[in-house]
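Let me begin by handing over the structure; questions about it come next.
The values are calculated or read from the model by the stated rules, or taken from the named source; none is laboratory data. Keep in mind it's a predicted model, so treat the numbers as computed, not measured. Positions of Cβ are backbone-derived with ideal geometry, glycine not excepted, and every protein chain shown enters the neighbour counts. What goes into the accessible areas is simple: the full protein's heavy atoms, side chains included, and nothing from ligands, DNA or RNA. Shrake-Rupley method; radii C 1.70, N 1.55, O 1.52, S 1.80 Å.
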Amino acid sequence: MPLLVMKFGGTSVADLDRIKNVALKVQREVERGYDVIVIVSAMSGKTNELVGWVEATSPLFDAREYDAVVSSGENITAGLLSLRLQEMGVPARSWQGWQVPINTTAQHSSARFLDIPRTNIDHKFAEGMKVAVVAGFQGVSPEGRITTLGRGGSDTTAVAFAAAFEAERCDIYTDVDGIYTTDPRITSKARKLEKIAFEEMLELASLGAKVLQTRSVELAMRYKVRLRVLSSFEDTDENSGTLVCDEDEIMESKVINGVAYSREEAKITLVTVEDKPGISAAIFAPLADAGVNVDMIVQNISEKNYEDHPGSVTDMTFSCPVNQVARARKAMEEAKAAGHIAYDELIVDSEVAKVSVVGIGMRSHAGVAARMFKALADENINIKVISTSEIKISVLIDRKYMELAVQALHDAFKLEAA
Ligand code: ADP
Ligand code: ASP
Ligand code: MG
C-alpha cells in the first residue's frame with residue numbers, strides 16, 4: 001500500500017468540528033487507496049496552558065515532569081481523532097510516542113530522535129488498520145521517560161515518520177495555505193510560493209518563521225522527504241500548497257525569497273571586558289552551561305584607553321531569547337564572582353527583535369546588505385546588531401519597528417511580484 005503522512009497543527013484540531021473536518025480529509029486519502037499515518041498537535045492553546053501550569057507550580061521545574069505534562073495535549077487529540085474516524089467507519093487507532101515507540105534522546109524539552117521502529121505500526125496495518133493517529137511532539141527516552149521535541153515539534157514528528165515509513169509525501173496541514181515570502185499576518189502583500197528550496201526554508205525557520213520547525217526541514221532535507229505545507233481549511237489536491245524541495249527543482253528564483261522575524265529577542269552587553277586571549281571562552285562557556293541560546297555576537301575592540309583599566313578593554317554584546325535573560329544574567333554574575341571574567345556593567349535591552357532576509361541568490365549577488373540597510377534607513381529604523389551568513393542577513397532592531405521593518409524589506413526586495 002502507498003503510504004501518506006498527514007500532519008495537523010493546533011488550529012486545525014482546535015475543536016470537535018475541526019477534528020471532524022480533519023477526519024474527512026483523512027478519509028478521502030484512505031478512499032484514494034492510501035494507508036495513512038496522521039500526526040496531530042494539541043488543540044490550539046492547550047500546550048501554552050500546560051506550560052503555564054508547570055511554571056506556576058515550579059518555576060525551576062524538573063524537565064522530565066515538564067515533558068510528562070506538556071506532552072499530554074497531543075494524547076487527547078490523537079484519541080479524539082481516532083474515535084471520529086471509527087465513527088465514520090475508518091479503521092483507526094491512536095498511538096502515543098512510547099507505544100510506537102518513538103525513541104529519542106533524554107534531552108528533555110528538546111529531545112532528538114534516535115529511531116522509530118516500524119514493526120508495531122506495520123503489524124497493525126497488516127491486520128487491517130487504515131489510519132495510525134500518532135501523538136506529535138513526544139517520544140520516549142532510553143530511560144523510559146516521556147520526552148518532548150521542543151515547541152512546534154509535531155512538524156518534526158511528521159517528517160521523521162515520513163522518512164521511517166518511506167511515505168509518498170509528508171503533508172503539513174495548517175492555518176495558512178502554504179509558505180509565503182513572509183508571514184502573511186504581517187503584510188497582506190506576502191506572496192505564496194509554489195516551491196521553496198530546503199536551504200532557504202531551513203534558514204527562514206531557524207530565523208523565526210514558525211510555519212515549520214527547523215528540525216523538520218533538516219530531516220526532510222537529509223532523508224529526501226517530499227514535504228508540503230497546505231491549508232486544512234480549504235479543499236486541496238496534489239498541487240495545493242507549497243512544496244519544499246531541492247534547489248534544482250526550482251526554475252526561477254530571486255536574490256531574496258523571504259523575510260523572517262523573531263519578536264522575543266534580547267540584547268545583552270558586558271561593558272569593559274578585558275581584551276585578552278580566552279575571554280570569549282570564559283564568557284560563552286558558562287552561558288552554554290546555563291542553557292542560554294546565544295545567537296548574534298559582537299565584540300568591538302575599544303581603541304580608547306581607559307585610565308582605570310590598565311590593559312586594553314572591549315565591550316561584548318550578544319543576543320538571546322528574551323525569556324533566557326534571567327539565566328544569562330545569573331551565569332555572568334556567577335562567573336564574575338568566581339573571578340573568571342571581569343566587567344563593569346551588564347546592560348540588558350529586552351525590547352529588540354530580529355529581522356532577516358533570506359535567499360540562495362545572495363551567494364552570487366553583491367549589494368544585498370546595502371539595499372537592506374537603505375530600506376531600513378528610509379524608515380528611520382536604527383540597526384543595533386548585524387550578522388550575515390552565505391544566504392541571509394539579520395539585523396537586531398527595536399521591537400516596536402519590527403512589523404514596519406518586515407514590510408519595508410518585503411517592498412525593497414520586490415517580493416510581492418512573482
Ligand atoms: P500549526 O499550529 O499548524 O503548527 P503554526 O502556528 O505553528 O501552525 O504555523 C503557522 C503560522 O506560521 C501561520 O499562521 C503564520 O502566521 C506563520 N508564518 C510565519 N512565517 C510564515 C511564512 N513565511 N509563510 C507562512 N506562514 C508563516
Ligand atoms: N503542541 C506543541 C506546541 O504547541 C507541538 C506542536 O504543535 O507542534 O508547541
Ligand atoms: Mg507549528
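Please identify the pairs in which a residue from the stretch 193-213 that is of a type in the set (S, T, N, Q) has its Cβ atom under 6 Å from the Cβ atom of a residue that is surrounded by fewer than 24 Cβ atoms within 10 Å (Cβ to Cβ) and not in a strand (DSSP E or B), counting only partners at least 6 apart or on another chain.
Correct list of pairs: Ser206/Thr214; Gln213/Gly152.
Of all residues being more than 16 Å from ligand 1 (Cβ to nearest atom) and among the aromatic types (Phe, Trp, Tyr) in the stretch 107-163, which is nearest to Arg93 (Cα to Cα)? Just the residue, please.
The extreme case among them is Phe125.
Take the residues in the stretch 72-86 that are farther than 21 Å from Ser141 by Cα and touching a residue at least 60 places away in the same chain (Cβ under 8 Å); name whichever of them is nearest to ligand 2 (Cβ to nearest atom).
Thr77
Of all the residues that make up the stretch 107-151, how many are more than 21 Å from Gly79 (Cβ to Cβ) and in contact with a Lys or Arg (Cβ under 7 Å, 6 or more places away or on another chain)?
Residues meeting the conditions: 2.
Residues in the stretch 26-33: is at least one under 26 Å from the mean Cα position of the chain (by Cα) and either more than 16 Å from ligand 3 (Cβ to nearest atom) or modelled with pLDDT of 95 or more (or both)?
Yes, the stretch 26-33 has at least one match.
So if I check each of Ala23, Ala56, Ala42, which one is crowded, with 19+ Cβ neighbours inside 10 Å, small (Gly, Ala, Ser) and assigned to a helix (DSSP H, G or I)?
Of the residues listed, the single one that is crowded, with 19+ Cβ neighbours inside 10 Å, small (Gly, Ala, Ser) and assigned to a helix (DSSP H, G or I) is Ala23.
How many residues does the stretch 254-312 contain that are modelled with pLDDT under 95, farther than 29 Å from Ala412 by Cα and either within 16 Å of ligand 1 (Cβ to nearest atom) or not in a helix (DSSP H, G or I) (or both)?
The qualifying residues number 26.
This table checks each residue for (1) under 14 Å from the mean Cα position of the chain (by Cα); (2) closer than 26 Å to Gln27 by Cα.
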residue	(1), (2)
Ala197	no, no
Leu204	yes, no
Phe233	no, yes
Ser240	no, yes
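Return the total of residues in the stretch 192-215 being open to solvent by less than 50 Å² (accessible area, probe 1.4 Å), out of contact with any Lys or Arg (no Cβ under 6 Å at 6 or more places or on another chain) and away from ligand 3 (no atom under 16 Å from the Cβ).
Within the stretch 192-215, residues that are open to solvent by less than 50 Å² (accessible area, probe 1.4 Å), out of contact with any Lys or Arg (no Cβ under 6 Å at 6 or more places or on another chain) and away from ligand 3 (no atom under 16 Å from the Cβ) number 5.
Let's see how each residue does on (1) within 16 Å of ligand 2 (Cβ to nearest atom); (2) touching a residue at least 40 places away in the same chain (Cβ under 8 Å); (3) open to solvent by less than 10 Å² (accessible area, probe 1.4 Å):
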position	(1), (2), (3)
Gly128	no, no, no
Val133	yes, yes, yes
Gly139	yes, yes, yes
Pro142	no, no, no
Thr147	yes, yes, yes
Ser154	yes, yes, yes
Ala162	yes, yes, yes
Glu168	no, yes, no
Asp171	yes, yes, yes
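Okay, next question. If you check Met402 against the conditions, is it in a helix (DSSP H, G or I) and either open to solvent by less than 10 Å² (accessible area, probe 1.4 Å) or among the hydroxyl-bearing types (Ser, Thr, Tyr) (or both)?
Criteria met by Met402.
Is it the case that the stretch 275-285 has a residue that's open to solvent by less than 30 Å² (accessible area, probe 1.4 Å), under 27 Å from the mean Cα position of the chain (by Cα), more than 25 Å from Met402 (Cβ to Cβ) and not acidic (Asp, Glu)?
The answer is yes, given that some residue of the stretch 275-285 is open to solvent by less than 30 Å² (accessible area, probe 1.4 Å), under 27 Å from the mean Cα position of the chain (by Cα), more than 25 Å from Met402 (Cβ to Cβ) and not acidic (Asp, Glu).
Is it the case that some residue within the stretch 123-145 is more than 21 Å from Asn239 (Cβ to Cβ), in contact with a His (Cβ under 6 Å, 6 or more places away or on another chain) and at pLDDT 95 or above?
Initially, the stretch 123-145 is screened for residues more than 21 Å from Asn239 (Cβ to Cβ), giving 123-145.
Adding the requirement that they be in contact with a His (Cβ under 6 Å, 6 or more places away or on another chain) leaves none.
For the stretch 123-145, residues more than 21 Å from Asn239 (Cβ to Cβ), in contact with a His (Cβ under 6 Å, 6 or more places away or on another chain) and at pLDDT 95 or above: absent.
Quick check on this structure: which one of Ala342, Ala335 is part of a helix (DSSP H, G or I), touching a residue at least 24 places away in the same chain (Cβ under 8 Å) and either under 30 Å from Ile279 (Cα atoms) or open to solvent by 10 Å² or more (accessible area, probe 1.4 Å) (or both)? Steps first, answer last, please.
Values: Ala342 fails: part of a helix (DSSP H, G or I).
Being part of a helix (DSSP H, G or I), touching a residue at least 24 places away in the same chain (Cβ under 8 Å) and either under 30 Å from Ile279 (Cα atoms) or open to solvent by 10 Å² or more (accessible area, probe 1.4 Å) (or both) holds for just one of Ala342, Ala335, which is Ala335.
Looking only at the stretch 345-376, count every residue that is within 15 Å of Val255 (Cβ to Cβ), open to solvent by less than 80 Å² (accessible area, probe 1.4 Å) and either assigned to a strand (DSSP E or B) or of a type in the set (D, E, K, R) (or both) and tell me the total.
Counting residues in the stretch 345-376 that are within 15 Å of Val255 (Cβ to Cβ), open to solvent by less than 80 Å² (accessible area, probe 1.4 Å) and either assigned to a strand (DSSP E or B) or of a type in the set (D, E, K, R) (or both) gives 3.
Going by the structure shown, is Ser154 in contact with a Lys or Arg (Cβ under 8 Å, 6 or more places away or on another chain) and among the polar types (S, T, N, Q)?
Spelling it out, Ser154 is indeed in contact with a Lys or Arg (Cβ under 8 Å, 6 or more places away or on another chain) and among the polar types (S, T, N, Q).
Can Met88 be described as of a type outside the set (Asp, Glu), open to solvent by less than 60 Å² (accessible area, probe 1.4 Å) and within 16 Å of ligand 3 (Cβ to nearest atom)?
no
Report whether or not Phe318 is in contact with a Phe, Trp or Tyr (Cβ under 9 Å, 6 or more places away or on another chain) and over 18 Å from Lys254 (Cα atoms). Lay out the reasoning, then the answer.
Values: in contact with a Phe, Trp or Tyr (Cβ under 9 Å, 6 or more places away or on another chain): yes; over 18 Å from Lys254 (Cα atoms): yes.
Yes: the conditions hold for Phe318.
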